[in-house]
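Enquirer: Below are the structure tokens for one structure; questions will follow.
The values are calculated or read from the model by the stated rules, or taken from the named source; none is laboratory data. These numbers were taken from a predicted model, which means no experiment stands behind them. Cβ placement follows ideal geometry from the backbone for every residue including glycine, while neighbour counts extend to all protein chains displayed. SASA here: full protein model, heavy atoms, side chains in, ligands and nucleic acids out. Shrake-Rupley method; radii C 1.70, N 1.55, O 1.52, S 1.80 Å.
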Amino acid sequence: MSTVQLTTRAPHHRRSSRPLARILTYAILLLGLAVTLVPFIWILMTSLKPASEIVRIPPTFFPEQWTFNSYQTIFADPKVPLARFYLNSTFVAVARVAITLFTSSLAGYIFAKYTFRGKNLLFGFILIQLMIPFQVVMIPAYLILVQLRLIDSLWGLVIPSMVDAFGIFLMRQFISTFPNDLIDAARIDGASEFGVYRRVVMPNLGAPLATLGIFTFMATWNDYLWPLIVITTHEKRTLPLLLTWYTSQHSQRYDLTMAASILVLLPILVVYIFFQRWIVRGVALTGMK
Amino acid sequence: MTRAAIVGRAGEPRKERTGLRPGQHAFVWGSLIPIFLYLGVFALFPMIWVVVLSFFNYSPVRVGDGPLGLGGRNPFIGFGNFVAMFGTTQAAQLFRTAMMNTLLFAVLVLVVNLAITLPLAVLVESVHERLKGFFRAIYFLPTVSSAVAVAIMWGYVFHPQQGLINNLIKLVGLTPPRSWLTDPNAFFLGVPLAMVAVIIAYVWMDFGYNLVIFIAALQGIPREIRDAAHIDGATGWAEFRRITVPLLRPTLLLVCTLTMISSFQVFVIFQVMTSGGPQNQTRSLTMEIYENAFRYQAMGWASSISLVLFAMVLLVTLVQFRVLRTDWEY
């Protein structure tokens, strides 16, 4: 009985529920879209209102009077040399990306393609590193920087993170699938060991290097806790530090603080728009966080 | 550690070469020695040092007479710091508050996050390929944003008079709370309202990760299994409960672990949105480490709290390995 009923009922059931299910699906997805985007739009709109309109109750969503006043105020503020802060953040991020990509791919290549004594021990050490959160070792890391006289220096944001355990692990996984024949062929052609890495392996690592590079860039650009500990001079602040400082100076001027937030958010959103595919695929592939 | 052993063994079932060929030594060791010397200084040594510091009443403003500034006026106190965690001093009470806050935060974030991301992933997966990419890209947007900017933004969204949330609540005819972030006597289902606000902001910022991981896992479920389920009459809820969730179990476990571990470490959103207030209701463990180490210079005490954080992370990781292994044997 059940078989007959099911086979006759199933198509009927699906047909009737489908349009409704479709509509419901899209309604929920659009609601999610709104929840994701509205806060961004809201602060953007706030940054474009005159201060007098912001304190009005009930508030407006879109400005009645559009103005770039808040942005002009920030650009004109002598205590906020914006170009300087963008440069600080860019320097730290680019330096860390370049160094991390080099050390990760080099060590990843060696762990993937060479056999030597102590290899498992060394790689095991890398894997253990993956489990140690930065917050756990930040006190000794700070004390080391004090010894190296790197406190209050932008290099102090670069030097403690030049080798990334996760990067080495990721690169090893990718390079393991690289054909050995290509490597051996290059050797027969007279390439040195470093030449094989530089001219044969490296050029074929586009996808994983891009993924690791973008993630390192974003993590560095958005990092707050470590710069907060290391940097003390105003001119050496990175953008997130600048933002909290600026907010503390103008806590009741929401037009200004929201405009400053937009200025900090904007570069990373542009990077995201360009590299969206790499980033999303990278997360799906690696579970990176 | 378990994983290290497994990977290591699987990596070399048969030895093709017994070692390095002549000429490779220079390259391999020339590259690895600097890298591991560096890791020794910036990874291994800090791990050892944080353990050592946790046995001392250490402050960098005092000068000790032993190596690394230890000893003398920075005395060795054995397990003193850990024993003090159970004491009645103000510092101990603050630590326990931060610990409970962090656990409450991690559990609630996990529940809310999964309740949103898992069904949402199924819905995203069910729409046309083009639209799927679009929705996924937008949903992922908050995760790449600067956490500081997000925290400042949500602080304003929760503003009592001008904020978006309270005005939306007024719009639908309800009475909004007097203050989201500063009223110590405001609770929602027993959870401090400020904590609720931080959880909302954090889940908003973080849900894209789990969503993307779930979508990728859903794409890995073979079409035939779903078709078979449809023929048997399973659709909608039944399909979700009996097909999707069981097949996603390994992914679910991974996602739970990652979400828990990262929730333990949250700093920015607490620090910037509430600074731990009102009355320490949103003081997190990482804030506790930061404040003790860098504001009060009590680095020995802060190191022992760091180790508690590490133990929590380790525990969650080991539970994950354990469950994964039982699955494997089954």
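Enquirer: Report, in debye and to the nearest 20, how large the dipole of the protein assembly as shown comes out about its Cα centre when Lys and Arg carry +1 and Asp and Glu carry -1 on their Cβ. Please list the in-between numbers first.
Expert: On the way: 47 positive and 27 negative charges, 167 e Å.
My answer is approximately 800 debye.
Enquirer: Only Cα pairs within less than 10 Å get springs; with that Gaussian network setup on chain B, which residue of B:ALA92, B:ALA43, B:ALA194 has the largest fluctuation?
Expert: B:ALA43
Enquirer: Taking Cα centroids, how far is region B:271-330 from region A:191-209 in Å?
Expert: 40 Å
Enquirer: Using θ = phi - 60° and the Karplus form 6.51 cos²θ - 1.76 cosθ + 1.60, what ³J(HN,Hα) does each residue of region B:40-55 get, whole Hz, x for Gly and Pro?
Expert: Coupling constants for region B:40-55: x, 6, 9, 10, 6, 4, x, 5, 5, 5, 5, 5, 4, 4, 5, 9 Hz.
Enquirer: Quick one: grab the alpha carbon gyration tensor of chain A, order the square roots of its eigenvalues as a ≥ b ≥ c, and give me rounded if a/c is under 1.5, else prolate or oblate depending on whether a/b is larger than b/c. Kindly include the intermediate steps, with their values, before the conclusion.
Expert: Numbers: a/c = 2.42, a/b = 1.11, b/c = 2.17.
Cα axes put chain A in the oblate bin.
Enquirer: Test of understanding: extend the Cα→C-beta vector of A:LEU182 to 7 Å, then name every residue of region A:199-241 with backbone N under 14 Å from that spot.
Expert: A:199-209
Enquirer: Quantify, in whole percent, the carbon and sulfur part of the accessible surface of the protein assembly as shown (1.4 Å probe; protein heavy atoms only). Spell out each step's value before the answer.
Expert: On the way: 19250 of 29500 Å².
About 65 percent, which is the carbon plus sulfur part of the accessible surface.
Enquirer: Suppose all protein chains stay in the model; what accessible area per residue would a 1.4 Å probe give for the protein assembly as shown, in Å²?
Expert: Working: 29500 Å² over 619 residues.
Here the per-residue accessible area is 48 Å².
Enquirer: If you don't mind, there's one more thing I want to ask. Measuring from label point to label point, each 7 Å out along Cα→Cβ, what is the A:ALA207 to B:VAL107 span in nm?
Expert: Distance between the two pseudo-spin positions: 4.2 nm.
Enquirer: In the full protein assembly as shown, how much of B:THR182 is accessible to a 1.4 Å probe, in Å² to the nearest 10?
Expert: 100 Å²
Enquirer: About the Cα centre of region B:87-329, what is the dipole size in debye to 20, counting +1 per Lys and Arg Cβ and -1 per Asp and Glu Cβ, all else neutral?
Expert: Values: 15 positive and 12 negative charges, 46 e Å.
That gives region B:87-329 a dipole magnitude of about 220 debye.
Enquirer: Let me ask something else about it. With a 1.4 Å probe, what is the total accessible area buried between chains A and B, in Å² rounded to the nearest 100?
Expert: Values: alone 18230 and 19910 Å², together 29500 Å².
Counting protein atoms only, the buried area is about 8600 Å².
Enquirer: Please pull out the direction-averaged projected area of region B:87-329, using the convex hull of its alpha-carbon atoms, in nm² to one decimal place.
Expert: Details: hull surface 67.7 nm².
That works out to 16.9 nm², a quarter of the Cα hull's surface.
Enquirer: I've got another one for you. Given springs between every Cα pair under 10 Å in a Gaussian network model of chain B, which of B:TRP301, B:TRP237, B:TRP180 has the largest fluctuation?
Expert: Looking only at B:TRP301, B:TRP237, B:TRP180, the biggest GNM fluctuation is shown by B:TRP237.
Enquirer: Dipole of region A:37-192 (Lys/Arg Cβ +1, Asp/Glu Cβ -1, origin at the Cα centre): which of A:ILE41, A:SER89, A:LEU106 lies farthest to the positive side?
Expert: Positive-most Cα among the choices belongs to A:LEU106.
Enquirer: Related question: Give, rounded to the nearest 20 debye, the magnitude of the charge dipole that chain A has about its Cα centre when Lys and Arg contribute +1 at Cβ and Asp and Glu contribute -1 at Cβ. Can you show the working numbers first?
Expert: Values: 24 positive and 12 negative charges, 177 e Å.
Computed about the Cα centre, the dipole is about 840 debye.
Enquirer: Of the options B:THR97, B:GLY69, B:GLY30, report the single residue whose Cα projects farthest towards the positive end of the charge dipole of the protein assembly as shown (beta-carbon charges: Lys, Arg +1; Asp, Glu -1).
Expert: Sorting the options by dipole projection puts first B:GLY30.
Enquirer: Follow-up. Gap in Å between the Cα centre of region A:91-151 and the Cα centre of region A:236-289?
Expert: One Cα centre to the other: 26 Å.
Enquirer: Points 7 angstrom from Cα along the Cβ direction at B:GLN93 and A:LYS79: gap in nanometres?
Expert: 3.7 nm
Enquirer: Please give the FRET efficiency for A:MET45 paired with A:LEU130, using the beta carbon to beta carbon distance and R0 = 41 Å, rounded to the nearest 0.05. Kindly include the intermediate steps, with their values, before the conclusion.
Expert: Working: r = 42 Å, r/R0 = 1.03.
The formula returns an efficiency of 0.45 here.
Enquirer: While we're on this one: Give me the distance in nm between label points sitting 7 Å out from Cα along the Cα-to-Cβ direction at A:THR67 and B:LEU253, one decimal.
Expert: With each label placed 7 Å out from Cα toward Cβ, I get 5.9 nm.
Enquirer: Right, here's the next one. Across the protein assembly as shown, what fraction of all alpha-carbon pairs, as a whole percent, falls in each successive 20 Å bin from zero upward?
Expert: Bins of 20 Å from zero give 17, 49, 30, 5, 0 percent of pairs.
Enquirer: Additional query: Using a Förster distance of 56 Å, how high is the FRET efficiency between A:SER153 and B:ALA229, based on the Cβ-Cβ distance and rounded to 0.05?
Expert: Working: r = 60 Å, r/R0 = 1.07.
In this case the efficiency is close to 0.40.
Enquirer: Another question, then. Counting only residues 5 or more places away or on other chains, whose amide H sits under 5 Å from the amide H of B:PHE56 once H atoms are built in the peptide plane?
Expert: Excluding prolines and chain starts, which carry no amide H, the hits are B:ILE77.
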